[in-house]
Structures are given as structure tokens and as C-alpha cells.
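Trainee: To start, I am sharing the structure in question, which I have written as C-alpha cells.
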Amino acid sequence: MQKTIIVTGAGSGIGSATANAFLDDGYKVGFLGRRAETLEAAANGHKNALILPCDVANPENVEAAFATAIARWGRLDTLFNNAGIGSPPAAVDDTPVETWLNVVAINLTGSFLCARAAFAQMRSQSPQGGRIINNGSISAHAPRPGSAPYTSTKHAITGLTKSLSLDGRAYNICASQIDIGNALTDMALPMTKGVPQPDGSMRAEATMDVAHVASSVLYIANLPLDANVQFMTVMAPKMPFIGRG
């Protein structure tokens with residue numbers, strides 16, 4: 001049976017690269033994101049791509065998108081909870097409350113809503129089970145300067161991943177977290193020019209090809225459900241993470 005996956009934030013960057021890696025591996029892939037035209041460009045007309053316009057922070061949008069996918073496919077094998085945003089570097093007292101609320105809505109509430117919809121389907125389908133892979137971040141372990149909203153949500157994703165893993169045991173649902181460091185996407189491009197460091201300096205940072213993220217997510221997804229990668233870190237080895245100076 002042809003496997004199925006929904007990838008959130010699939011219109012660009014890590015999401016697009018990963019969604020296309022799954023298409024290449026023979027999956028039916030739901031490209032989920034805010035703008036249909038961006039998703040269509042990322043999917044490039046592939047016969048196994050399903051375009052799912054959706055604001056992940058909107059409960060009704062999420063329920064409708066997942067219902068569309070299930071109506072088309074009949075089951076859901078994997079969710080890659082990837083959609084997320086950052087915010088401009090700022091001290092916590094210089095961070096607008098609206099910025100905090102927006103980052104939390106997309107990065108955390110959006111991940112919860114999509115995991116909730118996926119979990120419900122995986123719990124009820126036959127054969128029962130599936131896999132939820134959450135995009136954490138290096139920032140789930142160590143913050144960048146001025147990143148309270150983003151770092152807080154990524155730490156919270158770890159709690160969500162652990163809760164899904166525990167609650168999924170009875171239903172053959174596995175949950176994983178992939179923590180990514182400096183994959184070279186449009187969002188990460190400033191890192192090649194110079195970004196703030198904890199010592200107050202601005203320095204360029206090492207990056208890696210986003211294809212390594214896509215292949216890592218695919219590896220996790222292709223494991224049988226009696227095995228799981230609970231946490232994986234894939235990163236540019238010369239980036240400042242093992243000691244951020």
C-alpha cells in the first residue's frame with residue numbers, strides 16, 4: 001500500500017525539500033501551508049501531491065485540511081509538523097506581546113492542532129497507528145540571543161513530543177523530534193552573512209544542505225512502528241552549538 005504523509009509548512013525551505021523527498025520515495029504527500037500558489041509551485045504538478053491550503057493556527061482550517069487528505073487517501077501514516085516562524089532578535093522587554101502571541105500560535109498551537117488531528121486519525125484507522133515527527137530546533141536545547149518567543153516554543157515542542165510518545169503507546173503511534181541546526185534555506189541565509197552571537201559580536205555561521213534534513217526525516221518515517229528515533233539532531237558540525245561562544 002502506498003504510504004501517506006502530511007508536511008506542514010511545505011511551501012518553502014525545509015518543508016518543501018522534505019515533501020519532495022517523500023514524493024521521490026513514492027509517498028502520497030499533503031503539501032500543507034498558508035498559500036496555495038506557493039504550495040503548488042513547491043509540488044510542481046506531481047501526481048501524488050495534494051495541495052492543502054491551511055493556517056495551522058486556525059482549528060477549523062486544520063480540521064478541514066486533514067479531512068480533505070483522509071477523504072482522498074483513506075489513512076494517514078505520517079505527519080511532519082514543520083510549520084514555524086521566528087521573530088527579529090530582541091530583548092524580552094523589547095519584544096512586542098503581539099510577536100510573542102503570533103510565534104506561539106504558529107509554532108506551538110499549530111503543532112498541537114496538527115498533531116491532534118493526526119493522532120485522532122491514526123488512533124481510529126485500521127491497521128491502527130502512525131508516526132508524528134515534530135520539527136524542534138537546536139533552540140530546543142540552547143537559545144540564540146534575543147529569541148525568547150522562538151526558543152520558548154521549541155522547548156515546548158519537546159514536551160509535546162514526549163506527551164505524544166507516551167499517549168501514543170496504546171495505539172501504535174510513534175512520535176519523534178528532529179532538531180535542526182543551520183540548514184541552508186532562505187530563512188537561514190542571513191547566517192552566511194553574520195548573525196548576533198552571545199558575546200555581542202556578529203559572525204557568519206556554518207550551514208549544511210537542506211537535503212540532509214529531508215533524508216533524515218525520511219529515515220525516521222520509514223522505520224517500522226516497532227522502532228523509533230525519539231530525538232535526532234542534524235546540524236552543520238562547525239556551527240556554534242556545542243558551546244555557543
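Trainee: Given a 10 angstrom Cα cut-off, can you work out which residue in 124, 201, 163 is the most mobile in a GNM of the chain?
Mentor: Most flexible of the set in this elastic network: 201.
Trainee: Same structure, new question: What is the dipole size for the chain, taken about its Cα centre, with +1 at each Lys and Arg Cβ and -1 at each Asp and Glu Cβ, in debye to the nearest 20?
Mentor: Numbers: 18 positive and 18 negative charges, 95 e Å.
My answer is approximately 460 debye.
Trainee: How large is the helix-only mean residue ellipticity at 222 nm for the chain, computed as the sum of -39500 (n - 2.57) over DSSP H runs with n ≥ 4, divided by its residue count, in deg cm²/dmol to the nearest 500? Walk me through the intermediate numbers first.
Mentor: On the way: 7 runs with 89 residues, N = 245.
Roughly -11500 deg cm²/dmol at 222 nm, from the helical runs in the chain.
Trainee: Also, quick follow-up: Can you compute log10 of I(q)/I(0) for segment 177-221 with the Debye formula, treating each Cα as one identical point scatterer, at q = 0.19, 0.25 Å⁻¹?
Mentor: Values returned for q = 0.19, 0.25 Å⁻¹ are -0.63, -0.87.
Trainee: Further question: Can you tell me the order of 110-117, 213-220, 55-62 when each peptide is scored by its average per-residue count of other Cβ atoms within 10 angstrom, highest first? The partial results should precede the final answer.
Mentor: Working: 110-117: 22.9, 213-220: 20.6, 55-62: 18.6.
Highest to lowest by the protection proxy: 110-117, 213-220, 55-62.
Trainee: Given +1 on the Cβ of Lys and Arg, -1 on the Cβ of Asp and Glu, and no further charges, what dipole in debye does segment 142-222 carry about its Cα centre, rounded to the nearest 20?
Mentor: Values: 6 positive and 6 negative charges, 32 e Å.
Computed about the Cα centre, the dipole is about 160 debye.
Trainee: P(r) of segment 49-187 in 10 Å steps, Cα pairs, percent per bin?
Mentor: Spelled out per bin, shortest first, that is 12, 39, 33, 13, 2, 0.
Trainee: Moving on. Taking only Cα atoms, what is the 0 to 90° angle, nearest 10, from helix 148-168's long axis to the longest principal axis of the chain?
Mentor: The helix 148-168 is inclined about 30 degrees to the chain.
Trainee: So how tilted is helix 13-24 from the main axis of the chain? Cα-based, degrees 0 to 90, rounded to 10.
Mentor: 30
Trainee: On to the next question. If you look for lysine pairs in the chain that are eight or more places apart or on different chains, how many of them have Cα atoms under 21 Å apart? Intermediate values should be presented prior to the final figure.
Mentor: On the way: 3/28; 3/47; 28/47; 154/162; 193/238.
Within the chain, the lysine pair count is 5.
Trainee: Relative to the longest principal Cα axis of the chain, at what angle does helix 110-124 sit, 0 to 90 degrees, rounded to 10?
Mentor: 20
Trainee: Right, another one. Rounded to whole Å and sorted largest first, list the principal axis extents of the Cα atoms in segment 49-97.
Mentor: The Cα atoms of segment 49-97 stretch 48, 20, 15 Å along their principal axes.
Quick note: the coordinates plus some simple rules give every number you see, no bench work behind them. If you're wondering where the values come from, they're calculated on a predicted model, not measured in any experiment. Don't worry about glycine lacking a Cβ; one is built from the backbone with ideal geometry, like all the others, and counts go over all protein chains shown.
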